[in-house]
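Chemist: Here it is: the structure, laid out below.
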Amino acid sequence: MALTGKQKAALLLTSLDAATAAELLKGVDPRMVRELAVELSYLDASGHRNAKQAAEVARQFCQSLGSESGFQFKNFLREVLKNTVGEDKAKQVQQEIQDLLQKRDPFMTIRSADQRKLATVMETEHPQAVAVVLSELPPKKGSEILGLLGEGLRVSAISRMTAIGSVTPEAKARIAQMVRKRLEALGSTQQIAGAVQAHPEESLRKVAVLVRNLDKEVRDGVLEAIQQKDSEAGEKVMNLMVTWDDIPQIGGRSLQQALRGVDERQLALALHEVPEEIAQAIKSNISERAAAMVSEEASLMSAPKKEDIRQARDKIVEGLRELNRNGELTFVEE
């Protein structure tokens, strides 16, 4: 669904706490406030409001503050803020919003920075700082930046990512500020959310998703380096590169290949009470006849044992991991 300017404005307000949003709207025409409330209520009731969408709107807004790209929020700022509180006050409000959003998420503009500029900055940073930044980037972008780094820094940073949960929110904020300043010095460009320390398993999962997006030769070298330093962490990273929840993001041909050795009963067990997107991904990659047999097997099951379900899913995942080890697994990711 494409959002209108007013809908984006309403979502932006939800990124702020209630007191700040109320302060921001002081002096704004009550009719405009009512219209924003109506738009937000519509988005909420229709199921179109979600955290990911709000975060993307906030990111685009921050970009627009220093850009002449004509982003729609400029219309909102010009028509609502400038016409109600005056040009000087409007500029002040924009800066206040920018500061608040930076405090909420210090890595916001770092995520939108050019890969090569960010890689240039990372090349001269301490591996721990590089690890922190990589852990805050979308997996695909993080993998692209990893590929641009020197081998020594790449391996050292990945190794530190396996223990990223020990880095405090305050330390992350300082690192983000330092990187933003260096990006600004390069002609590019943005501190802290209520970040919580990551569980070790979550840190390893981030590492795994970054590593799986690398070219096989580079990926294998990184995994070998991790295993040499910590064999247990290396094994976990290898396994976490492909999990059951990843199935909707796996390419059709890869999934078909992994499913060939799984019989209908095992598939029926594996699909017992799974999210619809996983069930759909699997059923769309087997024949109609096989799908019908899976449905028939499922109808005969009353209350399958959890252990049987787990083993059936593990068999599918192990097939996918084998493809991944051979460099034959493809992902369809943003």
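Every number here is computed from the coordinates shown, using simple stated rules; none is lab data. Computed from a prediction, not measured in an experiment: that's the story for all the values here. Don't worry about glycine lacking a Cβ; one is built from the backbone with ideal geometry, like all the others, and counts go over all protein chains shown.
Chemist: Sort 161-170, 223-232 by the packing proxy (mean of other Cβ within 10 Å over each peptide's residues), most packed first.
Modeler: Order by mean packing, descending: 161-170, 223-232.
Chemist: A further question follows. Report the label-to-label distance for Asp245 and Ser284 in nanometres (one decimal), using points 7 Å from each Cα along the Cα→Cβ vector.
Modeler: Reported label-point gap for Asp245 and Ser284 is 2.1 nm.
Chemist: Now for a different question. What's the magnitude of the charge dipole for the range 244-325 around its Cα centre, counting Lys and Arg as +1 and Asp and Glu as -1 at the beta-carbon? Answer in Debye, nearest 20.
Modeler: Roughly 240 debye for the range 244-325.
Chemist: Please pull out the direction-averaged projected area of the range 244-325, using the convex hull of its alpha-carbon atoms, in nm² to one decimal place.
Modeler: 4.9 nm²
Chemist: Using R₀ = 30 Å, calculate the FRET efficiency as 1/(1 + (r/R₀)^6) where r is the Cβ-Cβ separation of Met301 and Arg260; round to 0.05.
Modeler: Approximately 0.85, to the nearest 0.05.
Chemist: While we're here: Treating cross-link reach as a plain straight distance, find the lysines whose alpha-carbon is under 17 Å from the alpha-carbon of Lys26, omitting any fewer than eight places away in the same chain.
Modeler: Lys82, Lys89, Lys91
Chemist: Just to verify a number: FRET efficiency for Lys26 and Glu184, C-beta to C-beta distance, R0 = 56 Å, to 0.05?
Modeler: According to the calculation, E is roughly 0.95.
Chemist: R0 = 22 Å: FRET efficiency of Asp44 with Ala19, Cβ-based, nearest 0.05?
Modeler: It comes to 0.60.
Chemist: Which part of the range 220-254 falls in the paramagnetic zone of Lys140, meaning amide N under 17 Å from the point 7 Å along Cα-to-beta-carbon?
Modeler: Within reach of a label on Lys140: 246-252.
Chemist: To continue, here is another question. Contact order normalised by length for the range 244-325, with contacts defined as Cα pairs under 8 Å and 6 or more residues apart; what percent is it?
Modeler: Relative contact order, the range 244-325: 48 percent.
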